[in-house]
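Q: One structure is given below, represented as structure tokens, and several questions about it will come after.
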Amino acid sequence: MAFLLLLLFLAATTVTSHSHASELSFLHQIHLLRPQSGAAGDHLPGITCLSWRLGVETNNIVGWITVPGECEGYVGHYMLGQQYREDSKAVTDEAFLYAASLKLAGDGNDIWIFDIDETTLSNLPYYASHGFGAQPFNATLFNKWVLEGKAPALPESLKLYRKLRSLGIKIVFITGRTEDQRTVTANNLKKAGYSSWLKLILK
């Protein structure tokens, strides 16, 4: 599920005050979800759920379809709490160190490829209303959410996006979203703060 997917992302150009305000509005969505979902409060004694998560992340538990029902609260606390943000920061910081260590050609062909869902854009508002993965995935409902074009940026991913662009690296987005969702996806990316890219590749 979303909480297992910490990937790599993108860096920045100058943003107008209007787009900056819009971006901040998106970032605040995650924090507003906390009281609405009842998650991200005190630490949960979730040793069983922690073991399940470790098993999935190490690929020792395979073929799972939903998060165990008893782990919904555990996943919610993780996704909406500080740890998810810190984990994201650790991954994106390492990604930037790698990028900065490269000897870039500077010929315009230096490219960084990012996924979209749970990488550059967060679907937390959707999953917070659908059991944090404890409910079976419903493609119809998820596509309806996608078409709303309201997914916020993952904050640390957006920072990485800007840092990478400052190095002169061009960005390519790749996604499992379908071609008929191109316009709404492009608009969502821009609204979330991803101002430009070389290519947007859809299914």
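Q: Would you check which residues across the stretch 95-126 are in a loop (DSSP other than H, G, I, E, B) and among the polar types (S, T, N, Q) and list them?
A: Asn109, Thr119, Thr120, Ser122, Asn123
Q: On the basis of being in contact with a Leu (Cβ under 9 Å, 6 or more places away or on another chain) and at pLDDT 95 or above, does Gly193 make the cut?
A: So Gly193 fits the description; yes.
Q: Also, I was wondering about something else. What number of residues within the stretch 151-176 are touching an Asp or Glu at 6+ places or on another chain (Cβ under 9 Å) and among the small types (Gly, Ala, Ser)?
A: 4
Q: Any residue that is under 28 Å from Arg165 (Cα atoms), surrounded by 12 or more Cβ atoms within 10 Å (Cβ to Cβ) and of a type in the set (Gly, Ala, Ser) - is there at least one of those in the stretch 58-77?
A: For the stretch 58-77, residues under 28 Å from Arg165 (Cα atoms), surrounded by 12 or more Cβ atoms within 10 Å (Cβ to Cβ) and of a type in the set (Gly, Ala, Ser): absent.
Q: Which condition does Lys163 not pass, out of (1) of a type in the set (Lys, Arg); (2) modelled with pLDDT under 95; (3) touching a strand residue (DSSP E or B) at 6+ places or on another chain (Cβ under 9 Å), if it passes all the others?
A: Only one criterion is unmet by Lys163, namely (2).
For every residue, the table says whether it meets (1) part of a loop (DSSP other than H, G, I, E, B); (2) in contact with a Lys or Arg (Cβ under 9 Å, 6 or more places away or on another chain).
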| residue | (1), (2) |
| --- | --- |
| Leu158 | no, no |
| Arg162 | no, no |
| Ile171 | no, yes |
| Thr185 | no, yes |
| Lys190 | no, no |
| Leu200 | no, yes |
| Lys203 | yes, yes |
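Q: Residue check: is Tyr84 buried (at least 21 other Cβ atoms within 10 Å of the Cβ), among the aromatic types (Phe, Trp, Tyr), within 18 Å of Pro155 (Cβ to Cβ) and at pLDDT below 95?
A: Yes; evaluated as a whole, the condition is true for this residue.
Q: If you go through the stretch 147-186, how many residues are under 16 Å from the mean Cα position of the chain (by Cα) and among the polar types (S, T, N, Q)?
A: Counting residues in the stretch 147-186 that are under 16 Å from the mean Cα position of the chain (by Cα) and among the polar types (S, T, N, Q) gives 3.
Q: Turning to a different aspect of this structure: What is the residue count in the stretch 166-183 for residues that are buried (at least 16 other Cβ atoms within 10 Å of the Cβ) and farther than 21 Å from Ala90 by Cβ?
A: 6
Q: Return the pair list, or none, for Cβ contacts closer than 6 Å from residues in the stretch 40-66 that are modelled with pLDDT under 90 to residues that are charged (D, E, K, R) and surrounded by 15 or more Cβ atoms within 10 Å (Cβ to Cβ), at least 6 apart or on different chains.
A: Ala40/Arg34
Q: Contact list please: Cβ distance under 6 Å, first residue in the stretch 127-142 and assigned to a helix (DSSP H, G or I), second residue of a type in the set (A, V, I, L, M), pairs at least six apart or on different chains.
A: Pairs that qualify, where the first residue is assigned to a helix (DSSP H, G or I) and the partner is of a type in the set (A, V, I, L, M), are Tyr127/Ala2; Ala128/Leu33; Phe132/Val75; Gly133/Met1; Gly133/Val67.
Q: Let me ask something additional. Search the stretch 102-146 for residues being more than 11 Å from the chain's Cα centre (by Cα) and aromatic (Phe, Trp, Tyr), and hand back the single one that is surrounded by the fewest Cβ atoms within 10 Å (Cβ to Cβ).
A: Out of the qualifying residues, it is Phe137.
Residues are listed down the side, and each one gets a yes or a no for (1) among the hydroxyl-bearing types (Ser, Thr, Tyr); (2) at positive phi; (3) in contact with a Ser or Thr (Cβ under 7 Å, 6 or more places away or on another chain):
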site: Leu124; (1), (2), (3): no, no, no
site: Ala128; (1), (2), (3): no, no, yes
site: Gly133; (1), (2), (3): no, yes, yes
site: Asn138; (1), (2), (3): no, no, no
site: Glu148; (1), (2), (3): no, no, no
site: Lys163; (1), (2), (3): no, no, no
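The values are calculated or read from the model by the stated rules, or taken from the named source; none is laboratory data. What you are looking at is a predicted structure, and each value in this text was computed from that prediction instead of being measured. Don't worry about glycine lacking a Cβ; one is built from the backbone with ideal geometry, like all the others, and counts go over all protein chains shown.
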